[in-house]
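Reviewing the structure listed below.
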Amino acid sequence: MLLLGTVYHSCNSKQEKILPVKEAITESVYASGVVKSTDQYDVFSSVSGLIAEILVKEGDEIKKGDAIIRLVNTTAQLNTENAALAADYNAINANAEKLNEFQININYSMAKMEADKLLLTRQQNLWNESIGTKNELEQRQLSYQSSVTAYEAAKLRYIQLKKQINFQGSQSQNNFEIAASIKKDYSIKSNVDGRVYHIIMKQGEMVNTLSPVAVIGNADTFMIELQVDEFDISRIKINQPILLSMDSYKGQIFEALVTKIDPIMNEKSKAFTVEASFVKQPVALYPNLTCEANIIIQQKANTITIPRSYLLTGDSVIVENGKKRKVVIGLKDYQKVEIISGVATDEFIYKPSL
């Protein structure tokens, strides 16, 4: 027994040991991400066409509505011209001759109807004086009835023609306006006041509606877009403080605040997008700078901590004589863990052997 005790004491004396320390501890969630310009977006064209002219350079500041790229499409140009011709052809003014022709027919039918009515009246008067035959009277009645029918038909044809001309004119005008509107889309414009950060396409290249042609964003203000693991997202809240580092500012730490949490997870990365804003923005920033962040969950000052490497599975530590002792833990960061109870600051704990 004495030999075994001596051997154990010798091994125990070689183990690393520390005293718990009273200090502050911060629990945080790690996230990686990129810096983006506020209002940054990929510019898409609403139509397909050939780039005839690029009107801006990368770095230029622009206003909302400014044209950045001009496209050309011969087919669209011809369609617009054809629509204009059709609109002119189908306009009421252009169909005045047809309407006049039908109006003349109405006037003729009305004159014939009135003449046949007069003849019928005369024949009726003769018949009343027993002059003429029944057949002559019936012929006059039939002629007048036919004239009335022809007159009414002429009026209906005129009304129908006018409706048709109005419809075709309105339809052609609408087609022309649609074609003219599409023609305007061949000038790609900015949706925001900002800066041109990237021109993706080159002059002479074909543009479609599926691929971006440029990147535009705010010239002065930037935000941070972070990716947070699904296991940590439930701990993230709006206005939580963030400590941020960037490769472009080595050795410097910047403060930020959580401003938005996207409520849907990216199925491929199993992460949520969290947006943040700088408390004090660095002087020089550019879109897509990479960054690493610690989102502060909670902090404690003047609490007992030990290195995480000294904590055993099941929340226990090794104390004097190799004994395991259960402890109650609190906050954790990447290096330390808070000990709420179980060991005192004057009691050595030993690092577990590998």
Reported set for the stretch 304-354 where residues are crowded, with 18+ Cβ neighbours inside 10 Å and of a type in the set (S, T, N, Q) is Thr305
Among the residues of the stretch 215-232, the number that are in a strand (DSSP E or B) and within 21 Å of the chain's Cα centre (by Cα) is 9
_One residue is enough: does the stretch 266-277 have a residue meeting the conditions at pLDDT 95 or above, farther than 24 Å from Tyr197 by Cα and touching a helix residue (DSSP H, G or I) at 6+ places or on another chain (Cβ under 7 Å)?_
yes
When (1) under 51 Å from the mean Cα position of the chain (by Cα); (2) surrounded by fewer than 18 Cβ atoms within 10 Å (Cβ to Cβ) are applied to Val274, the one that fails is (2)
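Per-residue answers, yes or no, for (1) in contact with a strand residue (DSSP E or B) (Cβ under 7 Å, 6 or more places away or on another chain); (2) surrounded by 16 or more Cβ atoms within 10 Å (Cβ to Cβ); (3) modelled with pLDDT under 85; (4) on the phi > 0 side of the Ramachandran plot:
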site: Lys22; (1), (2), (3), (4): yes, no, no, no
site: Tyr30; (1), (2), (3), (4): yes, no, no, no
site: Asp42; (1), (2), (3), (4): yes, no, no, no
site: Glu81; (1), (2), (3), (4): no, no, yes, no
site: Ala84; (1), (2), (3), (4): no, yes, yes, no
site: Asp88; (1), (2), (3), (4): no, no, yes, no
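Residues checked against (1) free of Cβ contacts under 8 Å to residues at least 60 places away in the same chain; (2) of a type outside the set (A, V, I, L, M); (3) touching a strand residue (DSSP E or B) at 6+ places or on another chain (Cβ under 6 Å):
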{"position": "Phe254", "(1), (2), (3)": "yes, yes, yes"}
{"position": "Ser269", "(1), (2), (3)": "yes, yes, no"}
{"position": "Glu275", "(1), (2), (3)": "yes, yes, yes"}
{"position": "Glu292", "(1), (2), (3)": "no, yes, yes"}
{"position": "Leu312", "(1), (2), (3)": "yes, no, no"}
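To keep it simple, each residue is scored yes or no on (1) more than 20 Å from the chain's Cα centre (by Cα); (2) modelled with pLDDT of 90 or more.
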{"position": "Lys163", "(1), (2)": "yes, no"}
{"position": "Phe167", "(1), (2)": "yes, no"}
{"position": "Ala179", "(1), (2)": "yes, no"}
{"position": "Tyr197", "(1), (2)": "no, yes"}
{"position": "Lys202", "(1), (2)": "yes, yes"}
{"position": "Val207", "(1), (2)": "no, no"}
{"position": "Leu210", "(1), (2)": "no, yes"}
{"position": "Val213", "(1), (2)": "no, yes"}
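The values are calculated or read from the model by the stated rules, or taken from the named source; none is laboratory data. It should be emphasised that the depicted structure is a prediction, and the values quoted were computed from it without experimental measurement. Quick reminder, even Gly has a Cβ in these numbers, built from the backbone with ideal geometry, and neighbours come from all protein chains shown.
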